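Please read the structure below before turning to the comments.
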Amino acid sequence: MKVQEIREIIKLVDQSNISEFVYENEGTKIKLKKPETESVGHLAAAPEVVHAKAAVEVKPVAAPAPAAPKAVEPAKPTAAVTEQENLHKITSPMVGTFYQSPSPDAAAYVKAGDKVTADSIVCIVEAMKLFNEIEAEVSGEIVEVLVKEGQLVEYGQPLFLVKPE
């Protein structure tokens, strides 16, 4: 196993919610375990930081009290949120790296405005050198691509918003 592959595994495990990972292949065994945060020092320090941040955030919010017109503005984003609730989210079935095309010099599988069917391939998620094609699972129009080329994605992370037909 190459050092770069081990680094990639470490990065994926570090950015995920996995606390322990074991990999065995042809006599090679890798075991990664995140440190547990049970020590008193960590537990005591975390609330202090949270309280300090909360105090800093509360003071600026309390100072500009005459911001009543801004309180009316959130009605517009609420309409956008309602519209997004009607959209289907294509989510990542695994932790890995997101790719929009089958190769660096090829065109993207889909982009905003494209029509897809339930079995249309919309992207690839690479996990441990395995390239997994992700299907739309719904017919409709791609409204938005939510992640960037080469970005690490988590299990269940939304990748695309689709307006179902």
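Since every read-out is calculated from the coordinates, none of them should be taken as a lab result. Given the structure is predicted, the values throughout are model-derived calculations rather than measurements. A quick note on method: Cβ atoms are made from the backbone with ideal geometry, for glycine too, and the neighbour counts reach across all protein chains shown.
Brief remarks follow.
- Each label was represented as a point 7 Å from its Cα along the Cα-to-Cβ direction; for residue 5 and residue 165 these points are 4.2 nm apart.
- Direction-averaged projected area, Cα convex hull, region 97-164: 4.3 nm², rounded to one decimal.
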